[in-house]
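To start, the structure itself, in structure tokens.
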Amino acid sequence: MAFKRNVFINCPFDTNYHTLLKPLLFTIRKIGFTPRIALERFDSGEARFDKIKELLLESKYSIHDLSRIKSVNEEEYFRLNMPFELGVDFGCKLYHPNNKYRSNRFLLMEGEQYSVQKGLSDFSFADCKCHNNNSEQIVTLVRNWFIETGILNLPPPSKIWDEYNIFYSELYLRKKPEGYSRKDIVELPIPEFIQFIDEVI
Amino acid sequence: MKRSDKTHIIKREIGWAIKREGTNRASKIYETKEKAIKHASKDIIDGGDLIIHKKDGTIQEWKSFKKK
């Protein structure tokens with residue numbers, strides 16, 4: 001049963017991406033699904049790829065954000081982890097001996113329109129959604145994608161976005177008396193953030 | 001149900017919204033954040049909190065008003 005409610009998330013892990021990752025996690029929980037992300041637990045003894053395989057195999061849905069694969073600064077390498085994990089996920093859908101993976105659903109996201117088409121033309125058949133690196137738009141995009149996959153009767157995007165903002169004030173109210181600074185709250189580690197979403201929702 | 005005494009200034013694609021907690025919809029959307037803050041501050045006559053959000057939903061400022 002959990003398989004049908006799990007959403008594997010393939011995205012960058014740096015804190016600069018948290019402005020998109022956190023509303024993304026909130027939206028998934030808000031509409032009743034479970035985000036599965038390699039950051040959900042930290043175990044230095046566990047090989048990263050083993051963890052990713054496990055999460056992929058436990059998830060019917062997956063969201064792949066390819067918005068940060070391009071190098072930005074001189075001498076910086078391009079980032080291949082995300083396209084690699086997309087490929088593994090796609091391979092699982094096509095070739096895994098268990099037929100349940102044939103109906104897996106993917107959401108591909110990019111930060112600039114048509115950028116994925118330029119860098120990954122083999123995937124040009126896929127409908128890639130552009131979030132424009134905007135926190136509000138990622139909420140709309142993810143919520144609308146769930147509707148397109150047949151998950152109906154969801155709250156409107158603007159309501160989820162407003163609730164995300166209000167959720168942040170709740171986070172602030174509850175954590176500040178415990179000694180958290182505003183910076184601590186904004187940089188709350190992902191497992192703690194997910195735990196707090198569950199407490200509030 | 002008692003309405004909350006918290007009012008939020010929230011980024012929307014088309015501007016900045018004033019949203020009172022506990023209500024279903026934003027009361028009004030302004031072109032700029034400054035205008036939204038100005039109007040929301042005027043409306044808090046019974047005391048309450050004005051929570052100003054950043055574009056990413058995090059908190060920029062939290063202002064508490066006493067009953068006038």
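The values are calculated or read from the model by the stated rules, or taken from the named source; none is laboratory data. Just so you know, these numbers come straight off a predicted model, no measurement behind them. As a convention, Cβ positions derive from the backbone with ideal geometry for all residues, glycine included, and neighbour counts pool all protein chains shown. Heads up: the accessible areas ignore ligands, DNA and RNA and are worked out on the full protein's heavy atoms, side chains in. Shrake-Rupley method; radii C 1.70, N 1.55, O 1.52, S 1.80 Å.
Observations on the model:
- Projecting label points 7 angstrom from Cα along Cα→Cβ for A:Asp14 and A:Asn132 puts them 2.4 nm apart.
- Length gained on full extension, B:Glu31 to B:Asp43, computed as 0.36 nm times the residue gap minus the Cα-Cα distance: 2.5 nm.
- Accessible-area composition of segment B:6-63, carbon plus sulfur, in percent [1.4 Å probe]: 45
- B:Ser27 accessible area, assembled protein chains, probe 1.4 Å, Å²: 90
- Entries in B:Lys33/B:Lys67; B:Lys11/B:Lys66; A:Lys60/B:Lys54; A:Lys51/A:Lys183; A:Lys4/B:Lys6; A:Lys70/A:Lys100 that, when Cα-Cα distance is taken, lie over 31 Å: A:Lys60/B:Lys54; A:Lys4/B:Lys6; A:Lys70/A:Lys100
- Cα convex hull volume per residue for segment A:2-200 (Å³): 141
- Full extension of the chain segment joining A:Gln195 with A:Lys159 gains 10.8 nm, where the gain is 0.36 nm per residue of separation less the Cα-Cα distance.
- Computed from the C-beta positions of B:Thr23 and A:Tyr95, the FRET efficiency with R₀ = 51 Å rounds to 0.50.
- Amide hydrogen neighbours beyond the local backbone of A:Ile63, cut-off 5 Å, H modeled: A:Phe8, A:Ile9, A:Asn10, A:Leu107
- Calculated on alpha-carbon atoms, Rg and Dmax of chain B in Å: 11.2, 33
- Across chain A, the longest run free of exposed loop sites, meaning GluC sites (Glu not before Pro) lying outside DSSP classes H, G, I, E and B with no more than 12 other Cβ atoms within 10 Å, spans A:77-186.
- A full extension of the chain between A:Gln117 and A:Arg48 corresponds to an added length of 22.1 nm, given 0.36 nm per residue minus the alpha carbon distance.
- Couplings 3J(HN,Hα) for segment A:28-34, derived from phi with the Karplus relation 6.51 cos²θ - 1.76 cosθ + 1.60 (θ = phi - 60°), are 4, 5, 4, 9, x, 10, 10 Hz, where x marks Gly and Pro.
- Using a simple spin-label model with pseudo-atoms 7 Å out from Cα toward Cβ, A:Val72 and B:Phe65 lie 3.8 nm apart.
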